[in-house]
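The values are calculated or read from the model by the stated rules, or taken from the named source; none is laboratory data. Everything numeric here is computed off the predicted structure, so don't read it as measured data. Backbone-built Cβ (ideal geometry, glycine too); neighbour counts: all protein chains shown. Just so you know, the surface numbers come from the protein's heavy atoms only, side chains and all, with ligands and any DNA or RNA stripped out. Shrake-Rupley method; radii C 1.70, N 1.55, O 1.52, S 1.80 Å.
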Amino acid sequence: MNTSPTPPANAFTTWPLPGPLNALAWSQATDAPPTCAIASGTGTLFLLRQSMAQPLALPLAAEGALLALVSTPHGFVTATDTGQLHLTTPQGETTLLATLPTPFTEHLAYSAHADLLLAASGRTLTALSLPHGEVKFTSQLASSIGGLAASPIGRRVAASHYNGTTILDLAAPKNPPRTLEWKGSHLALTYSVDGKWLISAMQEQAIHLWRLSDGLDLQMRGYPGPISQFSWSHDGQLLATNGGSGVPLWSFKDKLKGPAGTQAQVVADSGTGGMLVTSVAMHPKGPFAAVGYTDGLALLANTQSNQSILLKAPPTPNTQHPTPITHLAWSPDGLLLTLADESGHLTLTDFSQLASA
Amino acid sequence: MPLAPTTQHSTPNTPIPVTVLTGFLGAGKTTLLNHILTAQHGKKYAVIINEFGQAGVDDKLLTAQVDEEIFEMNNGCICCTVRGDLIRIITLLLKRAQKLDGILLETTGLANPAPVAQTFFADPTVAAKTRLDSILTVADAVHIRSQLAQTPEAPEQIAFADTILISKMDELPQAEWEDLEGTLRTLNPTALIARVNRGVPELPLEQLLGRHAFSLEHMLTLDPKFIEDAQNGHHHHHNSAISSLSLGMDNPLDPEKFDDWMANLLATQGQNILRTKGVLNIAHEPKRYVFQAVHMMSEGTFTTPWGDQKPTSTLVFIGKNLDKAALKEGFYSCIA
């Protein structure tokens with residue numbers, strides 16, 4: 001791993017926020033300056049724009065926590081541990097969308113094709129309209145939902161659970177769902193960008209792939225750590241995950257075979273010292289990956305040359321209590337990167353300043 | 001070695017202690033739980049229960065529901081079952097800013113505690129942020145002996161326990177007290193046995209919820225003499241095949257022989273061996289080697305020096321259908 005010297009410090013700003021910071025998401029609108037939302041375990045939603053001296057704090061749940069966050073064209077939707085869903089505009093106007101009867105809503109997704117918000121609490125899936133929060137339907141799955149993904153093509157939502165994944169047709173939710181079976185506990189879930197594959201992270205540190213045309217199963221094993229994050233490259237051809245000593249890039253260039261029979265290209269490998277990748281975010285415009293590790297180190301890696309630059313040094317090297325990087329998120333234009341660590345520090349990196357420096 | 005204090009406030013870096021509460025319906029689990037939650041101790045506990053609306057538990061307290069889902073780890077070992085939903089609920093509790101002093105995990109009357117215990121070793125996030133403190137089994141003094149005779153779950157709950165709290169002792173004739181304790185000791189020679197009176201345990205709560213029973217550093221309490229006494233006590237007939245075996249030896253052990261024997265033993269018989277605990281005298285090592293296993297998930301480490309104490313090895317097995325002669329022979333074959 002080649003690391004060049006640290007970029008100029010004025011491109012980075014760090015704020016200590018009351019944590020834990022459970023999710024980051026950037027606004028989708030392209031006609032306004034990008035805004036990053038940060039969901040905190042204190043129940044406060046923070047909003048951050050490039051020009052701000054510090055993030056705007058919006059207390060949404062006085063004694064609760066924000067467990068999930070999704071960015072939609074209507075604004076940010078958050079879920080509290082008491083089942084409250086709020087819609088917050090990038091400007092900071094908040095409305096209560098709904099209070100679900102099921103507490104501990106832990107997954108949110110948005111279907112652009114159906115313009116529906118999807119919320120998972122335990123084994124209950126709820127679909128709501130935006131911006132008014134009208135409940136369109138609920139569905140009970142056989143066991144607790146481990147991950148949720150809206151299909152990039154068509155009106156479908158996939159929910160992972162024990163022993164498989166269930167796909168519902170959002171246009172006809174009463175129709176019998178499609179069930180893809182594979183024994184074990186399926187957690188985080190993602191669709192390939194072309195909508196042809198569904199990929200789950202499994203409890204036993206493997207990823208499982210289903211080819212949707214025929215239900216073919218593929219299993220990619222050998223991860224040394226837990227997998228909780230997926231990130232697709234800008235061209236939709238490479239899937240990056242956390243959970244390795246480096247970032248494996250699974251190739252989906254072959255539309256039919258996917259990564260079957262191939263080895264993942266690994267970038268930003270930390271070697272054999274036991275350090276693992278805890279967060280990864282692929283750049284939305286080019287061949288770069290922002291990578292965070294268990295000891296608090298963060299790098300920007302070029303996925304073609306495997307050269308890296310340092311984004312953040314571990315806060316206190318060799319400490320007994322490292323603070324892993326928990327989340328990384330790029331603004332849609334790829335110029336701003338937010339980074340959260342386990343101690344609640346949020347860092348904004350401004351690459352427009354880096355480029356001109 | 002300075003022992004850690006029995007109570008300490010959780011900081012972001014201190015794993016949250018988890019106490020698993022088992023026992024048959026009617027044994028007094030809910031009464032104990034309510035006492036723990038309402039006593040004036042200034043601590044914040046989360047309770048994980050099997051179902052909401054469970055009679056008697058104050059629902060204003062922080063509670064979370066887990067499903068009964070149990071799944072097998074796909075590692076070819078059918079006893080490596082973990083509670084997937086428990087991982088989910090604990091991960092959710094860790095997303096709250098409010099720091100917890102402890103988590104109490106109540107299992108239903110018939111649940112086998114092994115998958116719950118194994119969950120705390122199997123999931124890296126749960127293992128890093130929480131620590132299994134102990135398994136606490138509540139037993140009804142009047143009914144436990146007939147439950148032991150009639151159901152396979154009751155002996156497992158007693159065998160698995162680190163603490164056995166006996167309720168309704170005042171309803172049992174004093175003449176039977178010794179017999180009751182003897183019965184429990186046969187199944188579990190290492191557990192702490194104490195009484196609980198209308199939900200109030202005779203032990204201070206910080207001691208009850210701070211046993212460090214799964215901490216290798218704290219597992220220095222296997223008293224060979226006390227275990228031997230329990231073993232030589234009178235025997236009781238019940239229909240379970242659960243029993244315990246304690247072995248002692250002064251000769252130092254060969255570490256490689258012990259590792260090979262134990263790895264093979266747990267791989268082939270781990271399904272029947274519920275718990276294993278040992279404090280071992282390893283050849284040419286000044287420190288105690290402490291070892292424990294829940295079924296076939298095991299861990300071991302060197303802890304404190306023997307110092308003035310005479311180095312001696314003690315190994316305790318609790319399990320089903322234990323082949324005691326073979327275990328004894330295997331242990332003796334590890335002599336250096």
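Residue by residue through region A:239-249, note down the ones that are outside any loop (DSSP other than H, G, I, E, B) and over 17 Å from the mean Cα position of the chain (by Cα). Steps first, please.
Kept after step one, since they are outside any loop (DSSP other than H, G, I, E, B), are these residues of region A:239-249: A:239-241, A:247-249.
Matches in region A:239-249: none.
Grab the strands (runs of 3 or more DSSP E) fully contained in region A:260-357, keeping just those with 1 or more residues being out of contact with any Pro (no Cβ under 9 Å at 6 or more places or on another chain). Break it down into steps so the answer makes sense when it comes.
Values: elements: A:265-267, A:277-282, A:288-293, A:298-302, A:307-312, A:325-330, A:336-341, A:345-350.
Answer list for region A:260-357: A:277-282, A:288-293, A:298-302, A:307-312, A:325-330, A:336-341, A:345-350.
Being open to solvent by 30 Å² or more (accessible area, probe 1.4 Å) and among the β-branched types (Val, Ile, Thr) is the filter here, so list the residues in region A:240-277 that pass it.
A:Thr262, A:Val266, A:Thr272
So for region A:85-98 (the condition being within 14 Å of chain B (Cβ to nearest Cβ), assigned to a loop (DSSP other than H, G, I, E, B) and surrounded by 20 or more Cβ atoms within 10 Å (Cβ to Cβ)), does at least one residue qualify?
Step one: of region A:85-98, the residues within 14 Å of chain B (Cβ to nearest Cβ) are none.
No: zero hits.
Regarding A:Thr323, is this residue within 14 Å of chain B (Cβ to nearest Cβ) and open to solvent by less than 40 Å² (accessible area, probe 1.4 Å)? Talk me through it step by step, then tell me what you get.
On the way: within 14 Å of chain B (Cβ to nearest Cβ): yes; open to solvent by less than 40 Å² (accessible area, probe 1.4 Å): yes.
Here the answer is yes, as A:Thr323 does meet what is asked.
What are the residues in region A:195-221 that are more than 13 Å from chain B (Cβ to nearest Cβ), over 18 Å from the mean Cα position of the chain (by Cα) and assigned to a loop (DSSP other than H, G, I, E, B), if any?
Correct list: A:Lys196, A:Leu212, A:Ser213, A:Asp214, A:Gly215.
Tell me yes or no: at least one residue of region A:157-170 is in a loop (DSSP other than H, G, I, E, B), surrounded by fewer than 18 Cβ atoms within 10 Å (Cβ to Cβ) and modelled with pLDDT of 95 or more.
Step one: of region A:157-170, the residues in a loop (DSSP other than H, G, I, E, B) are A:170.
From what's left, surrounded by fewer than 18 Cβ atoms within 10 Å (Cβ to Cβ): none.
Checked region A:157-170: no residue is in a loop (DSSP other than H, G, I, E, B), surrounded by fewer than 18 Cβ atoms within 10 Å (Cβ to Cβ) and modelled with pLDDT of 95 or more.
Considering region A:99-113 alone, what residues qualify as being in contact with a strand residue (DSSP E or B) (Cβ under 8 Å, 6 or more places away or on another chain) and either of a type in the set (A, V, I, L, M) or within 14 Å of chain B (Cβ to nearest Cβ) (or both)?
Correct list: A:Leu100, A:Thr102, A:Pro103, A:Phe104, A:Thr105, A:Glu106, A:His107, A:Leu108, A:Ala109, A:Ala112.
Residue-by-condition table, conditions (1) at pLDDT below 95; (2) surrounded by fewer than 21 Cβ atoms within 10 Å (Cβ to Cβ); (3) in contact with a His (Cβ under 6 Å, 6 or more places away or on another chain):
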| position | (1), (2), (3) |
| --- | --- |
| A:Arg178 | no, yes, no |
| A:Val193 | no, yes, no |
| A:Trp197 | no, no, no |
| A:Gln203 | yes, no, no |
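Against the definition (over 24 Å from B:Phe120 (Cα atoms), modelled with pLDDT of 90 or more, surrounded by 18 or more Cβ atoms within 10 Å (Cβ to Cβ) and not acidic (Asp, Glu)), how does B:Pro252 come out, yes or no?
Working: over 24 Å from B:Phe120 (Cα atoms): yes; modelled with pLDDT of 90 or more: yes; surrounded by 18 or more Cβ atoms within 10 Å (Cβ to Cβ): yes; not acidic (Asp, Glu): yes.
In short, yes.
Would you please name the residue that is nearest to the other protein chains (Cβ to nearest Cβ), looking only at residues in region A:114-128 that are surrounded by 21 or more Cβ atoms within 10 Å (Cβ to Cβ) and among the polar types (S, T, N, Q)?
Among them, the one singled out is A:Ser121.
Looking only at residues that are among the hydrophobic types (A, V, I, L, M, F, W, C) and out of contact with any Lys or Arg (no Cβ under 9 Å at 6 or more places or on another chain) in region B:311-336, which one is surrounded by the most Cβ atoms within 10 Å (Cβ to Cβ)?
Here the answer is B:Phe331.
Which of the residues that make up region A:338-349 are open to solvent by 10 Å² or more (accessible area, probe 1.4 Å) and among the acidic types (Asp, Glu)?
A:Glu342
Where in region B:262-307 are there strands (runs of 3 or more DSSP E), lying fully within it, with 2 or more residues that are under 19 Å from B:Pro155 (Cα atoms) and under 16 Å from the mean Cα position of the chain (by Cα)?
Working: elements: B:273-280, B:287-294, B:297-305.
So the answer is B:273-280, B:287-294.
Please work out which residue is farthest from A:Leu187 (Cα to Cα), limiting yourself to region A:155-171 and to residues that are among the hydrophobic types (A, V, I, L, M, F, W, C) and away from chain B (no Cβ under 14 Å). Before you say what the answer is, go through the steps one by one.
So the first thing to find is which residues in region A:155-171 are among the hydrophobic types (A, V, I, L, M, F, W, C), and the list is A:157-159, A:167-168, A:170-171.
So of that shortlist, the ones also away from chain B (no Cβ under 14 Å) come out as A:157-158, A:167-168, A:170-171.
Working: A:Val157: 15, A:Ala158: 12, A:Ile167: 15, A:Leu168: 17, A:Leu170: 21, A:Ala171: 25 Å.
Checking each candidate, the answer is A:Ala171.
B:Ile158 is checked against (1) crowded, with 24+ Cβ neighbours inside 10 Å; (2) within 19 Å of B:Leu25 (Cα to Cα); (3) modelled with pLDDT under 90 and fails just one. What number does that condition carry?
(3)
Mind checking whether some residue in region A:60-83 is touching a helix residue (DSSP H, G or I) at 6+ places or on another chain (Cβ under 6 Å) and either surrounded by fewer than 21 Cβ atoms within 10 Å (Cβ to Cβ) or in contact (Cβ under 8 Å) with a residue 12 or more places away in the chain (or both)?
Initial filter on region A:60-83 (touching a helix residue (DSSP H, G or I) at 6+ places or on another chain (Cβ under 6 Å)): none.
No, because not a single residue in region A:60-83 is touching a helix residue (DSSP H, G or I) at 6+ places or on another chain (Cβ under 6 Å) and either surrounded by fewer than 21 Cβ atoms within 10 Å (Cβ to Cβ) or in contact (Cβ under 8 Å) with a residue 12 or more places away in the chain (or both).
Considering only residues that are more than 21 Å from B:Val196 (Cα to Cα) and at pLDDT 75 or above, which ones fall in region B:24-53?
Within region B:24-53, B:Gly42, B:Lys44, B:Ala46, B:Ile48 qualify.
Mind checking whether some residue in region A:34-48 is open to solvent by 10 Å² or more (accessible area, probe 1.4 Å) and free of Cβ contacts under 8 Å to residues at least 40 places away in the same chain? Talk me through it step by step, then tell me what you get.
Residues of region A:34-48 open to solvent by 10 Å² or more (accessible area, probe 1.4 Å): A:34, A:42, A:44, A:46.
With the extra rule that they be free of Cβ contacts under 8 Å to residues at least 40 places away in the same chain, the set shrinks to A:42, A:44.
There is at least one residue in region A:34-48 that is open to solvent by 10 Å² or more (accessible area, probe 1.4 Å) and free of Cβ contacts under 8 Å to residues at least 40 places away in the same chain.
So which pairs qualify, if the first residue must be in region B:120-147 and open to solvent by 10 Å² or more (accessible area, probe 1.4 Å), the second must be acidic (Asp, Glu), the Cβ gap must be under 7 Å, and the two must be at least 6 apart or on different chains?
B:Val142/B:Glu171
Restricting attention to region A:129-154, which residues are away from chain B (no Cβ under 14 Å) and among the hydroxyl-bearing types (Ser, Thr, Tyr)?
Within region A:129-154, the subset away from chain B (no Cβ under 14 Å) is A:129-139, A:149-154.
Residues satisfying the conditions are A:Ser129, A:Thr138, A:Ser139, A:Ser151.
Examine region A:129-148 for a residue that is of a type in the set (A, V, I, L, M, F, W, C), outside any loop (DSSP other than H, G, I, E, B), closer than 30 Å to A:Gly243 by Cα and open to solvent by 10 Å² or more (accessible area, probe 1.4 Å), and state whether such a residue exists. Don't jump to the end; show me each part of the working.
Pass one, region A:129-148, residues of a type in the set (A, V, I, L, M, F, W, C): A:130, A:135, A:137, A:141-142, A:145, A:148.
From what is left, the residues that are outside any loop (DSSP other than H, G, I, E, B) are A:135, A:137, A:148.
Filter once more, so that each one left must be closer than 30 Å to A:Gly243 by Cα: A:148.
Of the ones still in play, those that are also open to solvent by 10 Å² or more (accessible area, probe 1.4 Å) are A:148.
Yes, region A:129-148 contains at least one residue that is of a type in the set (A, V, I, L, M, F, W, C), outside any loop (DSSP other than H, G, I, E, B), closer than 30 Å to A:Gly243 by Cα and open to solvent by 10 Å² or more (accessible area, probe 1.4 Å).
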